Amino acid sequence: MNMVVCVKRVPDTAEAEVHIDASGKDIEKSRLSFKINECDNYAVEEAIQIKERLGGTVTVISLGPKENDEVIRMALAKGGDEAIRLEDEAFAGGDGFAVAKALAAAIKGMEFDIVFTGALADDDGYAVVPAALGELLGVPHATYVKKVEILEDGKRARVGRELEGGLLEFLEIDLPCVLGIQTGINEPRYASFKGIKQAAKKEIAVKSAADLGVDASEVGEAGSWAVLEKFTPPVVGEMAEILEGDPEETAAKLAAILKEKGLV
């Protein structure tokens with residue numbers, strides 16, 4: 001079973017104060033730490049578990065600068081075999097569709113049974129890449145996947161897709177395919193010290209748009225359907241009014257406010 005996992009390096013903003021940078025098109029990242037995109041971490045684990053059960057290879061692909069090597073090597077340390085990083089100024093500013101085009105160009109020449117991605121990215125939340133990648137590669141695709149079972153014939157998979165309310169929709173999908181993995185599908189492992197040492201020695205193949213045979217006008221901002229104009233902070237509305245007093249008094253005040261606002 002030959003598998004490809006697409007991973008993204010994203011800023012960790014869970015407990016950080018986020019500010020828009022001078023360009024107005026990004027956030028200030030100088031004081032932020034970075035990590036692998038959460039859904040991608042589960043995708044890496046799912047690919048490695050399938051490799052452990054059925055054999056095969058796991059190739060890790062990431063689009064971005066040299067700093068992305070950190071998350072690539074962590075995926076290699078957990079059990080990945082080979083790695084590719086896509087780096088080119090032409091890739092800058094791309095939306096989800098443009099990113100999918102670059103990834104598809106890198107994957108098309110490979111023999112694969114499953115391409116794994118995260119269901120969505122922590123930073124932009126587009127949730128576009130899995131479906132766009134499947135269409136560009138001309139293979140079936142499913143996203144928000146929380147269960148994967150390779151069927152006995154080795155040519156199909158049974159997948160469970162997360163729906164609203166925690167329900168799962170089960171379907172059979174032909175291989176090769178693209179699967180967008182949702183968090184909770186498994187329990188991502190920690191990389192062992194031995195794995196980290198071995199990963200540090202593995203080569204990461206760096207490929208440009210020219211290496212992939214992709215015209216610069218087809219990727220990055222030039223090849224995007226959606227272009228970011230600017231970020232703006234949320235508009236702060238009126239402050240809440242705290243009603244003080246005993247229950248009868250506050251109830252009367254609330255009733256008066258609701259009548260004044262025309263809500264009752």
Do we find a residue being buried (at least 20 other Cβ atoms within 10 Å of the Cβ), under 22 Å from residue 206 (Cβ atoms) and not basic (Lys, Arg) anywhere in region 45-53? yes
Tell me yes or no: at least one residue of region 162-169 is open to solvent by 40 Å² or more (accessible area, probe 1.4 Å), free of Cβ contacts under 8 Å to residues at least 24 places away in the same chain and part of a loop (DSSP other than H, G, I, E, B). yes
Does residue 126 meet the test of being of a type in the set (Phe, Trp, Tyr), part of a loop (DSSP other than H, G, I, E, B) and within 13 Å of the chain's Cα centre (by Cα)? yes
Can you give me the number of residues within region 190-206 that are of a type outside the set (Ser, Thr, Tyr) and open to solvent by 70 Å² or more (accessible area, probe 1.4 Å)? 8
Considering only residues that are touching a helix residue (DSSP H, G or I) at 6+ places or on another chain (Cβ under 6 Å) and open to solvent by less than 60 Å² (accessible area, probe 1.4 Å), look in region 64-77 and name the one that is nearest to residue 39 (Cα to Cα). 75
From the residues in region 117-132 that are open to solvent by 50 Å² or more (accessible area, probe 1.4 Å) and hydrophobic (A, V, I, L, M, F, W, C), which one is nearest to residue 40 (Cα to Cα)? 120
Which of the residues spanning region 241-252 are at pLDDT 90 or above and open to solvent by less than 80 Å² (accessible area, probe 1.4 Å)? 250, 251, 252
Which residues, counting only those in region 1-40, are assigned to a strand (DSSP E or B), open to solvent by 40 Å² or more (accessible area, probe 1.4 Å) and either modelled with pLDDT of 90 or more or within 21 Å of residue 51 (Cβ to Cβ) (or both)? 2, 9, 34, 35
Does residue 135 fit the bill of being at pLDDT 95 or above, open to solvent by 40 Å² or more (accessible area, probe 1.4 Å) and either of a type in the set (Asp, Glu) or not in a strand (DSSP E or B) (or both)? yes
On the given criteria, is residue 197 of a type in the set (Lys, Arg), closer than 29 Å to residue 128 by Cβ and either more than 24 Å from the chain's Cα centre (by Cα) or outside any loop (DSSP other than H, G, I, E, B) (or both)? no
Is at least one residue of region 79-102 under 14 Å from the mean Cα position of the chain (by Cα), closer than 13 Å to residue 6 by Cα and either among the basic types (Lys, Arg) or open to solvent by 10 Å² or more (accessible area, probe 1.4 Å) (or both)? yes
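Quick check, is residue 82 of a type outside the set (A, V, I, L, M, F, W, C) and more than 30 Å from residue 28 (Cβ to Cβ)?
On the way: of a type outside the set (A, V, I, L, M, F, W, C): yes; more than 30 Å from residue 28 (Cβ to Cβ): yes.
Judged against the criteria, residue 82 is a match.
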Residues to consider are 183, 232; find the one that is of a type in the set (Ser, Thr, Tyr), surrounded by 13 or more Cβ atoms within 10 Å (Cβ to Cβ), within 24 Å of the chain's Cα centre (by Cα) and part of a loop (DSSP other than H, G, I, E, B). 183
Quick one: residue 153 ticks every box in (1) assigned to a loop (DSSP other than H, G, I, E, B); (2) open to solvent by less than 50 Å² (accessible area, probe 1.4 Å) bar one, so which box is it? (2)
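The values are calculated or read from the model by the stated rules, or taken from the named source; none is laboratory data. Owing to the predicted nature of the structure, the values given are computational and were not obtained by experimental measurement. We place every Cβ from the backbone using ideal geometry, glycine too, and count neighbours over all the protein chains shown. With ligands, DNA and RNA removed, areas are computed over all heavy atoms of the protein, side chains included. Shrake-Rupley method; radii C 1.70, N 1.55, O 1.52, S 1.80 Å.
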